[in-house]
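Report on the following structure.
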Amino acid sequence: MSAVIENHHEDHHHGPAKGITRWLYTTNHKDIGTLYLWFSFAMFLIGGAMAMVIRAELFQPGMQIVEPEFYNQMITLHGLIMIFGGVMPAFVGLANWLVPMMIGAPDMALPRMNNLSFWILPFAFFILLSSLFMEGGAPNFGWTFYAPLSTTYAPPSVTFFIFSVHIMGASSIMGAINVVVTIMNMRAPGVGLMKMPLFVWSWLITAYLLIAVMPVLAGAVTMMLMDIHFGTSFFNAAGGGDPVLFQHIFWFFGHPEVYIMILPAFGIVSHIIETFSRKQLFGYSSMVWAMLSIAILSFVVWAHHMFTVGLPLAAEIFFMWATMLIAVPTGVKVFNWVATMFRGSITFETPMLFALAFVVLFTIGGLSGLMLAIVPADFQYHDTYFVVAHFHYVLVPGAIFSIMAAVYYWIPKWTGNMYDERLGKLHFWLSFTGVNVTFFPQHFIGLAGMPRRYPDYALQFADWNMVSSVGAFLFGFSQLLFLFIVLKTVMGGKKATAQVWEGAKGLEWSVASPAPYHTFSTPPKID
Amino acid sequence: MSGGSYYVPDQSRFPIFMAFSLFLLVMGASSTINNLDDPSSNAVYILYAGFGCLFLTLFFWFRQVIKEHLAGLDSNQLKQSYVYGMAWFIFSEVMFFAAFFGALFYVRTLSVPWLAGEGEKGIGIAAIELWQGFESTWPVIVTPDQGDGYVLAEKSMAWPGWDHALKWLPLWNTIVLLSSSVTVHFAHLGLKNGDRKKFNRFLGITVTLALIFVGLQAAEYYEAYAHYGLTLNSGIYGSTFFMLTGFHGFHVMMGGIMLAIMLARSVFAGHFEDHDHFGFEAASWYWHFVDVVWVMLFLFVYIL
């Protein structure tokens, strides 16, 4: 017994362990945050390489580079890897690094479980990626894995896909429980709920969504597994089930999932705009209520993904109006960001550039979402490149720009070094140009009727596809610059001060840069 | 919230061992399921290895946590983290069952009537004469394809009427499980009043009732397969019936094992104090949760 106590006391005096075991066995929220962020970066590059394959094939009409079967595997894995391996782990990594520091906690509430929820991910994605080399190839049914494509007509590797989704889900649920418990139980005295930084609020709500919907996804893949291998008929009308049931269950998970990938971005952008406008954030409490409303509404809009599947008229009308309602709290947020900047002393460092681009381009993605919410219009747009343009606008210059903004904003706190501002700005302008050249033309070809998920297309779409591919290569290869900038900053650079940014407020800026291995072993004093 | 320092454990090998166990487990499960027709496949040993590693890791991990607790490392704030953690875990379990109940409600109220040509969406199906002769009833005994791709059951597990009520296993299951929720509460009261004998006795009764429930459930499944011809392959009724009751039964086993471990800890190691017994309390919460799920099952799967 006493050995345990001694270890515990010793623990407060020394820093990280030496060698590889530091990363394998760590219980430190900063180490685990770093692991999550690097893992997500690796997945971002792998998923990005798949996107390059897709855009290379679509550069010209006709089949050029890959077989249609392989193309299907690429679009499926690109979606799954970017969502479950890229965006979600990046936000969990940011939560790990920032939430304990922002609320004055010594670490996450359940440090060993924290390590577990990270280390499941490399194994899960190893399984998913290894399906590329299996008989019949990788999953080829799109990231939404609609039945019966994913059941009756699926390759054998679907079983591996199902189980890897199971453990990814377990990882997300444990990560989310950890965040909720940390925020509910570990705030320093004086950090009331309505005094929490908005990133913390956004993650509290995100974690709640995760705990609520990841088990539903587990249920959906379990029903698939049973239908494929054990003779049940959940998604087979011949036995009394319904393939549309799959879509209902999937999107009951899928729509909150969309907000899981954007709410933390709202938190990040609020911090950055506040700092670089050198003003207090406009409408803090309305920001909180807006996020809560978006989260609650996200549970009653799922069928807007299914307008053309043959829903009863009453359902189409209900889901149309409920979806449009989301524009109200989202509008509140955009208004507040703009009002924060109004008459501020704004400077345009890299994080601010990414945050500004986020506000503008995310709003464009939101507006195309409103167009898609209109049932009769959606009958026209459904499953065209307009949808692809819409969700890439909210996910790439939305979620991913916010992650990049967060990296530039907090990396001085993580490494103690300033990044190279000139290269950062270059990375921003290359990414900004690349993203718009890639995805804006997809609105046009979508409205003209080009369907998504095909390796070939009619000649009339050729020009804009070529433009889109050029943009994609520009965006894709610019990310190698991002990798270089991050590595350069980790290696060295101008030393950062504790506050880093002139206008930065919050507990994480009160500790040294780089942040010591253990922060706030005793709760800080809050005024 | 105390002002003292929160116990942040040192480095630990358990989490990555557990992640590796899960990896073995799911690789083994996937390969086994993909090779069910191949008797020469050895994939099942990977599955066993996964289970073995998982149980060992869990055992040593929990042992470590209990040791730390007995060494007095856990502040009240840390205990509160466990309380919140368990509560949110149970919420995630609720949502898992919600998916299956959602599927049940959807097929019962929407898709089965549509397949029989009723309602707004059924008109189209009736017009193309897709499933001729299919009638919308619940339980669905005759599938829309009239048993073409399915082995039809002769009988469902639904409420057999008052005359046969006493021979109807689900009723006994309900009585057993509801009583076990009461006995686990008595055990809790005994512990709170410092009466360890009462605690052990009632916890023992609870674990016995859990075993009886699992036994009865096994008997019911045997009856379904052997006498009613009701299987996973009997169409949507069999699918929802076995998946809902099956996952519930699995959770009963998990809860029963948790309670049995708590009993062993109390009897053999003298763990738990009247004011300090969250391990037991978490297990009992879980037990009440599976009980509530059963009540829902009893209503929506068996009675209505």
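Computed from the coordinates by the stated procedures, all read-outs in this text should not be read as laboratory data. None of the values given here were measured: they were computed from a predicted structure. Cβ placement follows ideal geometry from the backbone for every residue including glycine, while neighbour counts extend to all protein chains displayed.
How do the peptides A:129-136, A:464-471, B:39-46, A:439-446 rank, highest first, by the average count of neighbouring beta carbon atoms within 10 Å per residue?
Going from most to least packed, we get A:439-446, A:464-471, A:129-136, B:39-46.
For residue A:503, what is the net charge nearby, where nearby means another residue's Cβ is under 13 Å from its Cβ and Lys, Arg count +1, Asp, Glu -1? Write down the numbers at each step before the final one.
Values: positive: A:278, A:279, A:505; negative: A:274, A:349, A:502.
Net charge in that neighbourhood comes out at 0.
How large is ³J(HN,Hα) for each residue in the stretch A:498-505, as worked out from phi by the Karplus curve 6.51 cos²θ - 1.76 cosθ + 1.60 (θ = phi - 60°), to whole Hz, x for Gly and Pro?
5, 7, 6, 9, 3, x, 6, 10
Rounded if a/c is under 1.5, else prolate if a/b beats b/c, else oblate: with a ≥ b ≥ c from the C-alpha gyration tensor eigenvalues square-rooted, which is the stretch B:1-132? Don't jump to the answer; show the numbers that get you there.
Working: a/c = 5.46, a/b = 1.70, b/c = 3.22.
Oblate, since a/c reaches 1.5 and b/c is not below a/b.
Could you work out the mean count of beta carbons from other protein chains within 10 Å of each residue's beta carbon in B:230-240?
On the way: counts 0, 3, 7, 5, 5, 8, 12, 3, 5, 13, 6.
Rounded to a whole number, the mean comes out at 6.
Using Cα-Cα distances under 8 Å and only pairs 6 or more residues apart, what relative contact order does chain A have, in percent? Walk me through the numbers before you get to the answer.
Numbers: 833 pairs, mean separation 91.8, N = 527.
Over chain A, the number comes to 17 percent.
If R0 is 60 Å, what FRET efficiency do you get for residue A:348 and residue A:229 from their C-beta distance, rounded to 0.05?
Computed FRET efficiency for residue A:348 and residue A:229: 0.60.
Taking the alpha-carbon centroid of each part, what is the distance from the stretch A:394-449 to the stretch B:211-257 in angstrom?
Computed from Cα coordinates, the inter-centre distance equals 52 Å.
Using Cα centres only, tell me the gap between the stretch A:464-527 and the stretch A:194-271 in whole Å.
30 Å
Output the 0 to 90 degree angle, nearest 10, between the alpha-carbon long axis of helix A:401-415 and the longest principal axis computed from the alpha carbons of chain A.
With rounding to tens, the tilt is 30 degrees.
Name the residue farthest towards the positive end of the dipole of chain B from the options B:173, B:92, B:59, assuming +1 on Cβ of Lys and Arg, -1 on Cβ of Asp and Glu, about the Cα centre.
Farthest towards the positive end: B:59.
Compare the Cα positions of B:142, A:524, B:18 along the charge dipole of the protein assembly as shown (+1 at Cβ of Lys, Arg; -1 at Cβ of Asp, Glu; about the Cα centre) and return the one farthest towards the positive end.
After comparing all options, I get A:524.
In vacuo Debye scattering of the stretch B:11-71, one point per C-alpha: log10 I(q)/I(0) at q = 0.29 Å⁻¹?
-1.06
Compute the distance in nm between two label points, each set 7 Å from the Cα along the Cα-to-Cβ direction, one at residue A:423 and one at residue B:212.
7.2 nm
Would you please report the Å³ per residue occupied by the convex hull of the alpha carbon atoms in the stretch B:155-304?
Convex hull volume per residue, Cα atoms: 102 Å³.
Along Cα→Cβ, 7 Å out, is where each label goes; now give me the distance between the ones at residue B:158 and residue B:36 in nm to one decimal.
Here the answer is 2.8 nm between the modelled labels.
Using Cα centres only, tell me the gap between the stretch A:79-130 and the stretch B:42-73 in whole Å.
Result: 22 Å between the Cα centres.
Can you check what the Kirkwood hydrodynamic radius comes to for the stretch A:18-83, Cα pairs only, in Å to one decimal? Write out the running numbers ahead of the final one.
Values: mean 1/r = 0.0715 Å⁻¹.
Its Kirkwood hydrodynamic radius stands at 14.0 Å.
Explain nothing, just compute: Karplus ³J(HN,Hα) = 6.51 cos²θ - 1.76 cosθ + 1.60, θ = phi - 60°, for every residue of the stretch A:343-351 in order, whole Hz, x for Gly and Pro.
6, x, 8, 7, 10, 10, 6, 3, x
Report the extension gain between residue A:495 and residue A:134 in nm, rounded to one decimal, defined as 0.36 nm multiplied by the number of residues separating them, less their alpha carbon distance. Before the final figure, lay out each step's value.
Numbers: separation 361, 0.36 × 361 = 129.96 nm, distance 4.89 nm.
The residue A:495-residue A:134 span can extend by a further 125.1 nm.
Along each of its three principal axes, how wide is the spread of alpha-carbon positions in the protein assembly as shown, in whole angstrom units, largest first?
If we take the Cα atoms of the protein assembly as shown, the spans are 82, 75, 53 Å.
By the scheme Lys and Arg +1, Asp and Glu -1, what is the net charge of all other residues having a beta-carbon under 14 Å from that of residue B:227?
-1
For peptide B:31-39, compute the average count of partner chain beta-carbon atoms within 10 Å of each residue's beta-carbon.
Mean shielding by partner chains, rounded to a whole number: 3.
Stretch residue A:328-residue A:280 to full length: gain in nm at 0.36 nm per residue minus the Cα-Cα span? Let's see the in-between values first.
Details: separation 48, 0.36 × 48 = 17.28 nm, distance 2.28 nm.
15.0 nm is the gain from fully extending residue A:328 to residue A:280.
Report, in degrees rounded to the nearest 10, the 0 to 90 angle that the Cα long axis of helix B:76-106 makes with the longest principal axis of chain B.
With both axes taken from Cα atoms, the answer is about 0 degrees.
Any chance you could list the semi-axes, whole Å, largest first, of the equivalent ellipsoid that the Cα gyration tensor gives for the stretch A:187-266, using √(5λ)?
Here the semi-axes work out to 38, 11, 8 Å.
For chain B, what is the mean residue ellipticity at 222 nm derived from helices alone (per DSSP H run of n ≥ 4: -39500 (n - 2.57); sum divided by total residues; nearest 500 deg cm²/dmol)? Intermediate results must be reported in sequence, preceding the final value.
Numbers: 9 runs with 199 residues, N = 304.
Value at 222 nm, helices only: -23000 deg cm²/dmol.
Connecting C-alpha atoms closer than 10 Å in a GNM of chain B, tell me which of B:182, B:207, B:65 has the biggest fluctuation.
B:65
What average number of partner chain Cβ atoms lie no more than 10 Å from the Cβ of the residues making up B:143-149?
4
How much length would be gained if the chain were fully extended between residue B:60 and residue B:225, taking 0.36 nm per residue of separation minus their Cα-Cα distance, in nm to one decimal? Write down the numbers at each step before the final one.
Working: separation 165, 0.36 × 165 = 59.40 nm, distance 3.93 nm.
My answer for the length gained is 55.5 nm.
Using only Cα atoms and rounding to the nearest 10 degrees, what angle (0 to 90) does helix B:236-269 make with the longest principal axis of chain B?
20 degrees
Efficiency by 1/(1 + (r/R0)^6): what FRET value for residue B:299 and residue A:309, r their Cβ-Cβ distance, R0 = 22 Å, to the nearest 0.05? Numbers along the way, then the final one.
Numbers: r = 30 Å, r/R0 = 1.37.
Rounded to the nearest 0.05, the efficiency is 0.15.
Grab the beta carbon distance between residue A:522 and residue B:132, set R0 = 56 Å, and tell me the FRET efficiency rounded to 0.05.
Details: r = 75 Å, r/R0 = 1.34.
According to the calculation, E is roughly 0.15.
Once a ≥ b ≥ c are taken as the square roots of the eigenvalues of the Cα gyration tensor of the stretch A:336-393, is the result rounded (a/c under 1.5), prolate (a/b larger than b/c) or oblate (a/b not larger than b/c)? Kindly include the intermediate steps, with their values, before the conclusion.
Numbers: a/c = 6.89, a/b = 2.48, b/c = 2.77.
It is oblate, given that a/c is not under 1.5 and a/b is not larger than b/c.
With the cut-off at 1.5 for a/c, could you classify the stretch A:262-516 from its C-alpha gyration tensor as rounded, prolate or oblate?
Values: a/c = 2.71, a/b = 1.46, b/c = 1.86.
Judged from the Cα gyration tensor, the stretch A:262-516 comes out oblate (a/c at least 1.5, b/c at or above a/b).
For the stretch B:11-71, calculate the relative contact order in percent as a whole number, restricting contacts to Cα pairs under 8 Å that are 6 or more residues apart. If you can, show how the numbers build up before the last one.
On the way: 51 pairs, mean separation 23.7, N = 61.
Averaging sequence separation for qualifying contacts and normalising by length gives 39 percent for the stretch B:11-71.
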